[in-house]
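Written out below as structure tokens is the structure these notes cover.
The values are calculated or read from the model by the stated rules, or taken from the named source; none is laboratory data. In this text, all values refer to a predicted model and were calculated from it rather than measured experimentally. All Cβ positions, even for glycine, are placed from backbone atoms using ideal geometry, and neighbour counts span all protein chains on display.
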Amino acid sequence: MNPVARICLLGIFGSLLYTSAQAQAIKLGSGAYYQSPKTGDRAVPPALFRSAALEATPAQNSQWYSSVVYNAKPEAIFVQPLTIKPTELGLEVSLPVKEVRATERLDVEIRYPHHLPLLVAPTAFKPGPSKLAKRGDWSVGISMDQGADRMGVSVAHGVPYAYVQISRGNALLRTPVGATARLDANDPRVLLVDSGAAHYAVFGPTASEWKQTKPSDWVLQLAEGKGYLSVAALPDAKPESLAMIARHAYAFITDTRVDWKFDPDTSTVATQLTVTTQSMEGPNADALLGLYPHQWFHNPGVEGRLGPAYDTVRGKIRLLEGNSFSIETKYTGFVPFWPAITEPERKSQLQELIKVDQRNARRMMLEEGKGPYWQGKGLQRILKLMDVAEQQGDADAREKLLELVKKRTESWLTGEGGGYFHLNTQQGTVASYPEEFFTVEQLNDHHFTYGYWIRAAADIALRDPQWATKEQWGGMVDLLVADIATTQRDHAPFPFLRNFDPYEGHSWASGIGMGELGNNQESSSEAVNAWAGLILWGEIKGDKALRDLGIYLYTTEIEAIDHYWFDVHAQVLAPEYKNLEVSQLFGGMYAHNTWWIDDPRQIKGINLLPITTASTYLARHPSFIKKNLASLVPETAIYNKRGFYAKPIDIWQDIFAQYMGLADPELGLAQWNRWGSFELGDTRTHALHWLQSLKEMGTPDFSVTANTTLFAVFKKPDGKRTYLAYNTGKEAINVKFSDGTRLVVAPHALGRQ
């Protein structure tokens with residue numbers, strides 16, 4: 001049963017426990033959420049700009065098109081390769097081209113802004129306010145109706161067309177300043193537009209006629225009952241590219257759907273992406289899809305079938321004729337924690353650190369902010385400390401730390417400990433207080449924030465399965481899971497995969513899509529942390545559907561990180577870009593910066609933290625790790641030359657040492673300073689255990705998989721492997737690794753060979 005259905009059965013909209021006239025707490029197992037914000041706390045923003053059909057559904061926020069849902073005058077929507085923008089005059093359509101913008105950091109940002117658009121508008125009526133009218137898994141329909149008059153546009157990620165429908169009258173096409181337009185000599189339905197930087201083709205229906213009324217204006221006189229046209233961007237000026245675009249111009253995409261399946265025997269995730277089309281005229285009902293690099297690179301299923309490509313902010317989007325394609329990715333696993341280290345000197349040092357960190361644990365659990373992000377981060381931090389104490393045999397520290405985290409978690413899950421959760425059933429979202437980082441006002445960062453809580457809850461449940469039952473605290477955790485990971489598309493209390501973009505392959509962090517460059521995501525690693533939490537929670541609960549969802553999200557986001565944040569395959573970043581990696585990714589830009597500071601150490605570290613056993617994916621490209629860390633030297637020199645210095649000077653040195661340890665454990669240990677700074681989601685205890693574990697076991701070996709969910713394999717330079725597997729069940733399991741190694745793992749235990 002999926003999380004949403006489970007929550008509904010728990011009676012999420014059931015009986016009320018009144019705590020005050022303005023804030024009603026609804027009991028859910030041992031916990032409670034609030035029906036409204038408490039006095040003085042901000043409410044979530046209303047999703048005002050949706051059609052009547054969508055008003056009864058959860059608000060579609062944290063997506064690439066969410067600006068339409070929350071803004072009377074939405075920003076440009078980065079469809080890829082197109083951008084569109086609904087305006088009072090009509091619909092703007094553009095093919096962005098690259099801009100290189102120098103920054104005060106003495107590097108550059110690469111931008112593909114909405115620029116020099118075509119304008120499409122009805123001639124018989126003025127377009128009305130834009131509203132979201134329909135959504136697929138990576139497609140949307142936007143209405144611009146005015147009274148009884150209808151104007152609508154449909155677009156989909158990767159698709160080079162904007163499909164426009166008008167209920168009456170003709171259609172106006174206005175070209176940008178300096179552009180030229182002419183009728184296609186071979187097809188009078190088609191108007192060709194050249195803006196200098198981009199080429200377009202506008203396809204009218206049969207029996208329609210184009211008339212130029214001004215130098216920049218053309219009117220498409222629509223035949224009776226044929227109120228449709230498609231606006232397409234061309235990848236180049238070649239006749240064969242135009243012919244390909246023309247073949248599919250009347251196959252309007254009406255829906256999009258992603259499906260995934262995890263095969264534990266082969267540790268493979270198969271993802272199927274399918275569109276539904278309606279042929280407006282002609283025999284061809286096949287779509288023309290644009291595949292992103294993470295979809296076409298090393299994908300044997302599309303080799304030999306790809307056509308011309310668009311230059312975009314995501315690299316080359318390559319055209320594929322057809323209504324579906326599939327992707328296969330390997331799930332390379334992780335275990336909840338690593339076993340005890342054994343080297344005597346390091347073991348003694350670790351025992352000392354455990355004592356110090358345990359004494360400071362209460363303070364370290366909420367060291368920075370007081371809201372749900374910092375609290376969730378603090379909970380996970382102390383549980384990673386507890387992992388080490390437990391594995392090193394310090395039972396007393398383990399029990400005290402577990403009890404400390406349980407009490408703090410439970411106080412929040414009841415709303416009686418300074419923080420609380422509010423379920424807004426109208427908008428279909430869980431808000432958390434006290435607010436941080438605009439998580440309520442702008443609905444930002446839900447997967448980051450709740451990912452920490454879900455992972456913390458899973459670590460508690462590993463030690464106390466009863467704690468995770470619906471009668472106790474499992475219902476509240478399921479509520480947070482459902483907020484970020486609902487898979488129901490219809491009649492669900494939360495939107496489908498709130499933050500995740502199935503076509504781009506990664507998450508979005510901004511809730512309402514503010515900004516001229518589209519939605520954005522900074523900390524890709526915190527997104528991965530959330531999906532690791534789903535995997536672990538689903539495995540503990542015996543919920544295979546949730547586990548498989550977590551694995552799909554985890555593996556897919558990692559592939560996107562390799563392409564769009566780290567560009568390890570050299571397919572995406574522009575030659576003008578001066579940095580090795582991206583720290584902020586937008587719909588229309590990538591940059592090397594953070595929201596709060598341009599210190600290069602924090603810029604780099606934000607896409608590494610939190611370091612946990614689920615972070616081993618960072619070791620898939622060891623040479624990149626060394627290059628990435630080496631680039632800190634010149635980046636820091638530039639920062640210092642500008643008159644700035646990191647505070648403290650070695651900030652996050654523990655994160656960088658652990659990152660280096662994934663490529664070279666000896667070098668990572670040598671770089672780590674026991675008494676140096678530490679990131680506020682980590683402890684000295686955990687950092688040392690991580691580094692020494694890699695020295696003793698070796699670096700991650702992704703060539704070997706297993707037929708179970710929680711596994712990890714490591715390999716030393718001499719070729720000796722260490723095999724780990726964790727069993728969350730009540731019966732022993734026989735784990736078979738892909739190289740033939742077998743390992744019997746007892747219930748609720750970590751097995752090692």
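A few notes on this one:
- Checklist (1) part of a loop (DSSP other than H, G, I, E, B); (2) modelled with pLDDT of 95 or more; (3) of a type outside the set (Gly, Ala, Ser) applied to Lys38, failing item: (2)
- Only residues that are small (Gly, Ala, Ser), in contact with a helix residue (DSSP H, G or I) (Cβ under 8 Å, 6 or more places away or on another chain) and closer than 12 Å to Gln295 by Cβ were counted across segment 319-340, and they come to 0.
- Which listed residue is of a type in the set (Lys, Arg), within 29 Å of Asp263 (Cβ to Cβ) and touching a residue at least 12 places away in the same chain (Cβ under 8 Å), from Lys695, Lys736: Lys736
- Failed criterion for Ala340 (all others in (1) more than 20 Å from Asp654 (Cα to Cα); (2) out of contact with any strand residue (DSSP E or B) (no Cβ under 6 Å at 6 or more places or on another chain) hold): (1)
- When residues of segment 109-136 are limited to those that are closer than 17 Å to Thr312 by Cβ and within 29 Å of the chain's Cα centre (by Cα), the one surrounded by the most Cβ atoms within 10 Å (Cβ to Cβ): Tyr112
- Residue in segment 122-133 that is under 22 Å from Ser510 (Cα atoms) and among the hydroxyl-bearing types (Ser, Thr, Tyr) present: yes
- Residue list for segment 371-391, filter: under 20 Å from Val356 (Cα atoms) and either of a type in the set (Phe, Trp, Tyr) or touching a His at 6+ places or on another chain (Cβ under 7 Å) (or both): Lys384, Leu385, Val388
- Filter result (buried (at least 16 other Cβ atoms within 10 Å of the Cβ) and closer than 16 Å to Met697 by Cα) within segment 713-745: Val713, Phe714, Lys715, Lys716, Arg721, Thr722, Tyr723, Leu724, Ala725
- Pair list, Cβ < 6 Å and 6+ apart or interchain, from segment 469-496 residues that are assigned by TED's automatic domain parsing to the domain that holds Leu443 to residues that are of a type in the set (A, V, I, L, M) and part of a loop (DSSP other than H, G, I, E, B): Lys470/Leu10; Gly475/Leu10; Thr486/Ala492
- Residue match in segment 200-217 (condition: in contact (Cβ under 8 Å) with a residue 12 or more places away in the chain, closer than 15 Å to Ala233 by Cβ, charged (D, E, K, R) and surrounded by fewer than 20 Cβ atoms within 10 Å (Cβ to Cβ)): no
- Only strands (runs of 3 or more DSSP E) whose full extent lies in segment 56-109 are considered here, and none of them has at least 3 residues that are more than 27 Å from Ala179 (Cβ to Cβ) and free of Cβ contacts under 8 Å to residues at least 60 places away in the same chain.
- A single member of Phe262, Phe252 is closer than 30 Å to Thr332 by Cα and in a strand (DSSP E or B), and it is Phe262.
- Segment 706-753: number of residues that are farther than 30 Å from Asp464 by Cβ and either β-branched (Val, Ile, Thr) or touching a Pro at 6+ places or on another chain (Cβ under 7 Å) (or both): 1
- Residue satisfying condition, being of a type in the set (Ser, Thr, Tyr), under 30 Å from Asn323 (Cα atoms) and surrounded by 18 or more Cβ atoms within 10 Å (Cβ to Cβ), within set Ser139, Ser167: Ser139
- Note on segment 611-630: among residues that are in contact with a helix residue (DSSP H, G or I) (Cβ under 6 Å, 6 or more places away or on another chain) and within 22 Å of Tyr373 (Cβ to Cβ), the one that is surrounded by the most Cβ atoms within 10 Å (Cβ to Cβ) is Ile611.
- Scanning segment 59-73 for residues that are surrounded by fewer than 24 Cβ atoms within 10 Å (Cβ to Cβ) and over 19 Å from the mean Cα position of the chain (by Cα) returns Tyr70, Asn71, Ala72, Lys73.
- Taking first residues from segment 649-677 that are among the acidic types (Asp, Glu) and partners that are surrounded by fewer than 17 Cβ atoms within 10 Å (Cβ to Cβ) and part of a loop (DSSP other than H, G, I, E, B), the Cβ contacts under 7 Å between residues at least 6 apart in sequence or on separate chains come to Asp650/Asn673.
- Filter result for Lys370 (at pLDDT 95 or above, out of contact with any Lys or Arg (no Cβ under 9 Å at 6 or more places or on another chain) and charged (D, E, K, R)): no
- Residue match in segment 314-334 (condition: closer than 30 Å to Ser432 by Cβ, surrounded by fewer than 22 Cβ atoms within 10 Å (Cβ to Cβ) and modelled with pLDDT of 95 or more): no
- Enumeration of residues in segment 306-332 that are closer than 25 Å to Leu618 by Cβ and in contact with a Ser or Thr (Cβ under 7 Å, 6 or more places away or on another chain): Ile327, Glu328, Thr329, Lys330, Tyr331, Thr332
- Selection from segment 564-589 of residues that are over 19 Å from Asn499 (Cα atoms) and not hydrophobic (A, V, I, L, M, F, W, C): Asp567, His569, Gln571, Pro575, Glu576, Tyr577, Lys578, Asn579, Glu581
- In segment 399-426, the residues that are under 20 Å from Asn499 (Cβ atoms) and either modelled with pLDDT of 95 or more or crowded, with 19+ Cβ neighbours inside 10 Å (or both): Phe421, His422, Leu423, Asn424
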